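The block underneath contains the structure these notes are about, expressed in C-alpha cells.
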Amino acid sequence: MKRKCEVAIIALVVLLVVGMFLSYTPSTYYCNFTVNSSDYDIEYVYDSNYGMGTNTVLIETDGNYDIQTIIALFDPSYASMNDSDTQFKKLNYMKDYFDARGLKDFFICNATEIVSKMNEMDVKTTAFLFISGSIPDIIYNGTVSCPLIEWLDAGGTMINMFGCLGKYVSTFDEYYRVSDYVELFTGVSNNGMFRDSAYKIYGGHQDETIQES
Amino acid sequence: MLTLSDILLPNNQSRWGKYLLYVVLIGFIVRLGISISVTYCTDIGYWIRVSSNLTAGYGLYDVPGYYYMPIWGYVIAVLTYICNALNIKYGYLDSDLLIPEVVTGAGQITPTIEYALIFKLFLIIVDFLVAIYIYRIIKDVFKNEKAALIGFAIWFLSPLSISISAFRVNFDNLEILFMLISVYYAYSGNYIVSGSSMALSLLTKPYGVFLAIALMVYSYYKNRDARDLVKYLSSMLITALIFMLPVLLNGDFIASMDWLFGRLQNFDKDVYNVIIPFAPILVVIFLYVVSKKLKYAANKEKSVLSIGLIFTSLILVIPGNIQYFLVVLALMIVISSEDYRFTYICMFILGIASFVIGNVSIFGEIAYHDAAIPPLREITIAGYTIFGIIRAGYPFLLSACGIVCLITGICMFRRYSHETKV
C-alpha cells in the first residue's frame, strides 16, 4: 500500500519525460486549409488532427482590390479597449508580417493623421488597420457622417483586428458603445451576425475579421 | 502510512482517520466546485499561448510565450496533448467579456472551461500529493500522527492552496511537491531520490534553492559520511542534466532563465548589481554558517527546514505575487508540527493571503465573465476603484507577510538548532 505514493511520483516523472519528448520532437499536429470558389459557391475545407475553434466572416463584395499601402492607427492619447503596449507590440509584429509578404508600405499614424490620409489616399490601393478595439471619435462617431464610413462608402478598405467592428467609439477620456454598429457597417440588422450560421461561417480566426465594402 | 485506500476505508484507520476522510472530501469538493465555476485569467493566458505554440510545431522557447524553466513546460506539453486528443479548444479573446480598465495583457485571453479544467485537475492532484507528503514527513520523520493530520488539513483546506490550483491555475505546488519529496527521502536516508527530486523542484521554480543547500549540508552531517553527500549532489546534477538536455542542445538555456533573471531585475537595481557579482561569496558564507549551525544542532531536520524558511521568506519581503507564499506555507506547516504556536502564525499568513486573493481576484474574475451585463460592469469598475485604495497597500501587506514569515523562521531555527554535546 505504501508503494502507491511512490507509483504516483513515478507516474509524474514519466509524465515529465513524455512532455520533454513532446516539446522537443517534431510536431505531430497538422492543419490544412483550402478554399475553392466558383461563380455561385465558395467552399472552405479545414482539415486538422486537433481541436480548434474557428470562425470566418464571409461578406459579399463587388470590389476588386489591390492593396499596396496599409496605414495603422496607434494613438495612446485616446481611450482604447486594447491596452497601448499590446497594440504597439502587435503592430510591430504586423509590420514584420506584411514586410515578409512583400507589402512594404506599412505606416503607423495617430488619429488626426488617419483622418487626413482618408482624404488623400487612393481607395483602391489603401487599407486602414485598427487594433485598438475602439475607434477615435474624429475618425468614427457611430453615424454615417464620419471619415471612416465615408471612406468605406467610397469603396475603401479597413482591417479590424480587435473586438467587434465599429462597436466602440473613443474619446480622450473614455469609450462608449454604438448601438447600431452592425447595420452601419454591413447594412444588415443582426447583432449576432458574426456567429450566425445563416451567414455561412466556415473557418478562420475570430479576431482577424476583414471587412471590405 | 496513509494511502488512498486508508482514506476511502476510514474504519481501518486510527481514530483520526474519519476526520481525514472529511478533510479530503471537502478539499476535493471545494476545489472541483471552484474549478468548474470560475477561473482567474492571469497566467493561464500564457499557458494557452504555450499550448498554441507547441501545437503549431514550435519548441518551448522558439517563440514568445514561455518564460519559466522547462519542467512546467513539459507538463503543459502533455496537458496540451490531452486537450488536442479530446478536441478541446484552448481559449478565446472576446472583448465583450472584458473590462479593459481591469484586465490587460495576457490576461485578456480567456480559457475555455474544459481547457482550464484539464490544468486544474492536474494541479489538484498535485495539491493532494503535497498534502500526503506533508503528512508523511510529520508522521514518519517527526513521529506525530495527530500533528500530521493537522498539517494535512491545514494544507488541503487552506484558501491559499485551493485558490492557487483551482482558481488561479499557478503551478507553484508542483515545485513544493518535489521539494517535500526531496525532504522526505533525505530524512529517510535515500539521498539519491532526494537529490533527483530537488533538481526537479529547482527546475520548476527556484525558491527551494536555500533548502537544497541546507539539505546538502545535512546529507553529510547526518551520518558524517561523504558518500551520502556525493549521492545527493550527483543525483541532483544528473537529473538536472537529463531534463535540461534538450534545452541545452537547442540553445535555449538563456531563454529558460528568462523568468529567473526577470524577477531578479524586478528588485532594486542597486541591490541586484551588488548581489549578483558577490553571489559566489554569499553562497560560501551561507554554506559556512549552515554547516556550523547544523553540525551540532539538536534537531537537524527542523533546523534545515527553518533555514529554508528563513531565506525563502527573505525573498518574499520584496513584494511579489501571492502564490510565492505557498512555499513558506508548506515549510511552516511541516516545521510547526508539535508546536502549535507556529501553527497559529501559519493561519495568520493564510488569513492575509486570502484577503489579498479575495479582493484582487474576485473583481478581476467578475471583469471577465459579467462585463457585458451593464449593471455588473459598473459594479465591477466601482468595486475595483474602491478596493484600489486597499489594493495600493498590497505590496506593503505582502512585505509584512514576508517579514512575519522571516521572524517565524528565525524563532523556529533558534528553537531547534540548540547545540547538543557530542
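The values are calculated or read from the model by the stated rules, or taken from the named source; none is laboratory data. All values reported here derive from a predicted model rather than from experimental measurement. Cβ coordinates were reconstructed from backbone atoms using ideal geometry, including for glycine residues, and neighbour counts include every protein chain displayed.
The criterion of being at pLDDT below 85, hydroxyl-bearing (Ser, Thr, Tyr) and more than 30 Å from B:ILE132 (Cα to Cα) holds for A:TYR93.
Where residues in the stretch B:163-185 are among the β-branched types (Val, Ile, Thr) and farther than 22 Å from B:PRO111 by Cβ, which of them is nearest to the other protein chains (Cβ to nearest Cβ)? Per the stated criteria, the residue is B:ILE181.
So that you can scan it fast, the table gives a plain yes or no per residue for (1) within 18 Å of A:THR28 (Cβ to Cβ); (2) aliphatic (A, V, I, L, M); (3) part of a helix (DSSP H, G or I):
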position	(1), (2), (3)
B:LEU21	no, yes, yes
B:ILE36	no, yes, yes
B:GLY45	no, no, yes
B:ILE48	no, yes, yes
B:ASN53	yes, no, yes
B:GLY65	no, no, no
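Looking across B:SER197, B:SER188, B:SER201, one residue alone is without any contact (Cβ under 8 Å) to a residue 60 or more places away in the chain, crowded, with 24+ Cβ neighbours inside 10 Å and touching an Asp or Glu at 6+ places or on another chain (Cβ under 9 Å). It is B:SER201. Within the stretch A:22-40, residues that are away from every other protein chain (no Cβ under 14 Å) have Cβ atoms under 6 Å from residues that are of a type outside the set (Lys, Arg) and surrounded by 10 or more Cβ atoms within 10 Å (Cβ to Cβ) in these pairs: A:THR34/A:VAL45; A:VAL35/A:TYR44; A:ASN36/A:GLU43, counting only partners at least 6 apart in sequence or on another chain. Taking the numbered list (1) free of Cβ contacts under 8 Å to residues at least 24 places away in the same chain; (2) assigned to a loop (DSSP other than H, G, I, E, B) in turn, B:SER337 passes all entries but (1).
When you check B:SER163 against the structure, is it over 23 Å from B:LEU294 (Cβ atoms), assigned to a helix (DSSP H, G or I) and of a type outside the set (Asp, Glu), yes or no? Quick ask: steps written out before the conclusion?
Values: over 23 Å from B:LEU294 (Cβ atoms): yes; assigned to a helix (DSSP H, G or I): yes; of a type outside the set (Asp, Glu): yes.
Yes: the conditions hold for B:SER163.
Out of curiosity, is B:LYS302 more than 23 Å from B:LYS146 (Cβ to Cβ), modelled with pLDDT of 75 or more and assigned to a helix (DSSP H, G or I)? In short, no. Against the criterion of being part of a helix (DSSP H, G or I) and closer than 17 Å to A:PHE21 by Cα, B:GLY73 qualifies.
Got at least one residue in the stretch B:19-37 being closer than 24 Å to B:LEU202 by Cβ and either away from chain A (no Cβ under 14 Å) or of a type in the set (S, T, N, Q) (or both)? If you could, list the steps in order and put the result at the bottom.
Pass one, the stretch B:19-37, residues closer than 24 Å to B:LEU202 by Cβ: none.
Within the stretch B:19-37, not a single residue is closer than 24 Å to B:LEU202 by Cβ and either away from chain A (no Cβ under 14 Å) or of a type in the set (S, T, N, Q) (or both).
Consider the stretch B:48-83 and keep the residues that are farther than 19 Å from B:PHE178 by Cβ and at pLDDT 90 or above. The one that is farthest from the other protein chains (Cβ to nearest Cβ) is B:ILE82.
Regarding A:TYR78, is this residue of a type in the set (Phe, Trp, Tyr), within 30 Å of B:THR110 (Cβ to Cβ) and without any contact (Cβ under 8 Å) to a residue 12 or more places away in the chain? Against the criterion (of a type in the set (Phe, Trp, Tyr), within 30 Å of B:THR110 (Cβ to Cβ) and without any contact (Cβ under 8 Å) to a residue 12 or more places away in the chain), A:TYR78 does not qualify.
Looking at the stretch B:228-252, which of its residues are loosely packed, with under 14 Cβ neighbours inside 10 Å, assigned to a helix (DSSP H, G or I) and free of Cβ contacts under 8 Å to residues at least 24 places away in the same chain? Residues satisfying the conditions are B:LEU241, B:LEU245, B:LEU248, B:LEU249. Residues being within 10 Å of chain B (Cβ to nearest Cβ) and either of a type in the set (D, E, K, R) or in contact with a strand residue (DSSP E or B) (Cβ under 8 Å, 6 or more places away or on another chain) (or both): count how many of those fall in the stretch A:74-97. Total satisfying the criteria: 6. When B:MET198 is tested against (1) part of a helix (DSSP H, G or I); (2) away from every other protein chain (no Cβ under 14 Å), just one condition goes unmet, and that condition is (2).
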